[in-house]
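Accompanying notes for the structure given below.
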Amino acid sequence: MTVTTSPAAVHDRMTPRARGLLLVLCGAMFLDALDVSMKGVALPSIGAELGLTTASLQWVVSGYVLGFGGFLLLGGRAADLLGRRRMLIGSLVVFAVATALGGFATDGPFSSPRGSSPA
């Protein structure tokens, strides 16, 4: 014999703290998805503004993907060792600082000088 629970019974198990946690985690995932989406849309503007060639733009994308994947693995292990809350807050701080530094970039590492045509 199976016991079924009504949706109302499941809803009652969501405490205000659990709802707040769900809201924070959904917000963090939204920021992550928004950041990934903006990279693809912004690549032509990034290349034009910083004087990057198409090959250099591929390095931007590859560096982002490799860094994201590496930090995802490292962050999972660090969360096991240091705690999930501490890692979430720390990673959001690192994300904010890296985003701010990226916003202040004036040229790319493989950019050609302004006014000259890319090779």
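The values are calculated or read from the model by the stated rules, or taken from the named source; none is laboratory data. Owing to the predicted nature of the structure, the values given are computational and were not obtained by experimental measurement. Please note: Cβ atoms are built from the backbone with ideal geometry, for glycine as well, and neighbour counts cover all protein chains shown. With ligands, DNA and RNA removed, areas are computed over all heavy atoms of the protein, side chains included. Shrake-Rupley method; radii C 1.70, N 1.55, O 1.52, S 1.80 Å.
Accessible area per residue (1.4 Å probe, heavy atoms of protein chains only) ranks R85, R77 as R85, R77, with the largest value leading. In the context of the full protein assembly, D80 retains an accessible surface of approximately 120 Å², using a probe radius of 1.4 Å and ignoring ligands and nucleic acids. Using the Cβ atoms and a cut-off under 13 Å, what net charge is assigned to the surroundings of G103, where Lys and Arg are +1 and Asp and Glu are -1? Net charge in that neighbourhood comes out at -2.
One decimal place: the segment R17-L82 gains 21.2 nm when fully extended, by the rule 0.36 nm per residue minus the C-alpha distance.
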